[in-house]
Amino acid sequence: MTNSELYDSRALLVEDDPFMRQAVASFLTGLGFTVSPAATYTQAMTLLHDAANDFRLATLDVSLPECSEEDTAPRAPRGLTLASYIKQPRPQTAVVVWSAYTHHLPDILALVEGGYRGLAFVPKGSRADTLRRAVALALAGDVYLPANAIARSVPEAVTRFLQALRPDVARATEQVEARLHVLTPRQYGVADLATLRPEEIARALGLSEKTVRNYLDDVYDVLHLKDHDRELQGFRREALITLAVLLHRLRNGQGS
């Protein structure tokens, strides 16, 4: 699918603030999307239940009212519920979530830990170029987590990233990240896509599936993950590699 075909598709926009909803809808329309807006969790679910809506992109505010824009109750993180609801049956749908707060980071990383890609988390009110990059990388199946979505400085972002993980997972993530430099460029490229199925990695990199499986075996060996199942039960090593790549990007100020 070409870039023009990716953008010439449907996008779900969920935002309760009418001014921001209008601004983001205009931005997405300018990219080429046909935008279906929703102001509440209930409206969004109605759109998602409509079989005619085959969304390629979902852009979601984290905190949403349940049924009415006039609801004065504290906003719940319904956008995260929507993200999970979308990704489970439609992992190919790109999801961009934004928030003015960083305490939702563990929930964002839980999606990554679950093996989902095509995700982006950006600060609410981000500049157009930041949102454009988030949309592009999510559509490409990447995970976009810029440091400024987590904290005001790179060291603080790294600390908050690790604190958002289970302690044993955080330790393992740091250990894997410390060995990423040993990978060859091709091995790193395969590792970066580790949560995808081998046939999907093969298509993305223009390799045979057998070659990808060989590279994955080498990656697990170099990163000391051959015996991962015995050392860190209940956590997929592919997700651990993805977390390590995100940590590496944060440490090096790469932003994504």
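The values are calculated or read from the model by the stated rules, or taken from the named source; none is laboratory data. Here the structure is a predicted model, which is why all the values come from computation and not from measurement. Don't worry about glycine lacking a Cβ; one is built from the backbone with ideal geometry, like all the others, and counts go over all protein chains shown. The accessibility values were calculated without ligands, DNA or RNA, using every heavy atom of the protein model including side chains. Shrake-Rupley method; radii C 1.70, N 1.55, O 1.52, S 1.80 Å.
Temperature 10 °C, viscosity 1.306 mPa s: under these conditions the Stokes-Einstein estimate for segment 142-256, based on its Kirkwood radius over C-alpha pairs, is 109 µm² per second.
Restricting the calculation to Cα atoms, segment 134-208 yields a radius of gyration followed by a Dmax of 14.6, 42 Å.
Between residue 127 and residue 178, how high is the FRET efficiency from 1/(1 + (r/R0)^6) when r is the Cβ-Cβ distance and R₀ = 30 Å? Nearest 0.05. Spell out each step's value before the answer.
On the way: r = 33 Å, r/R0 = 1.11.
The computed FRET efficiency comes out at 0.35.
With angles folded into 0 to 90 degrees, how steeply does helix 209-222 sit against the dominant principal axis of the chain? Use alpha carbons for both and round to 10. Roughly 70 degrees, rounded to the nearest 10. Our summary gives segment 103-152 a relative contact order of 41 percent, counting only alpha carbon pairs under 8 angstrom and 6 or more residues apart. Compute the distance in nm between two label points, each set 7 Å from the Cα along the Cα-to-Cβ direction, one at residue 203 and one at residue 226. According to this spin-label approximation, the distance is 3.2 nm.
Would you mind getting me the FRET efficiency between residue 20 and residue 218? Use the beta-carbon distance for r and R0 = 41 Å, nearest 0.05. Numbers along the way, then the final one.
Details: r = 46 Å, r/R0 = 1.12.
That pair, residue 20 with residue 218, gives E of 0.35.
Carbon and sulfur atoms: what percent of the 1.4 Å accessible area of the chain do they account for? Could the numbers behind the result be given before it?
Working: 6070 of 12270 Å².
About 49 percent, which is the carbon plus sulfur part of the accessible surface.
Taking each residue as 0.36 nm, the span from residue 66 to residue 152 lengthens on full extension beyond its C-alpha to C-alpha distance by 27.9 nm. For residue 205, the shell of other residues with beta-carbons less than 12 Å away shows a net charge of -2, using +1 for Lys and Arg and -1 for Asp and Glu. Most simply put, segment 64-164 has about 10% antiparallel DSSP beta bridges, counting only bridges with both residues inside it. Within the same chain, lysines fewer than 8 places from residue 210 are excluded, and of the rest, those with a Cα less than 26 Å from its Cα are 226. Each of residue 251 and residue 88 was given a label point 7 Å from its Cα along the Cα-to-Cβ line. The distance between the two points is 3.5 nm.
Can you pull a Stokes-Einstein diffusion coefficient for segment 92-191 at 4 °C (1.567 mPa s), Rh from Kirkwood over Cα pairs, as a whole number of µm²/s?
Details: Rh = 14.5 Å.
D = 89 µm²/s.
If you look at the Cα atoms of the chain, you get an Rg and a Dmax of 18.5, 56 Å.
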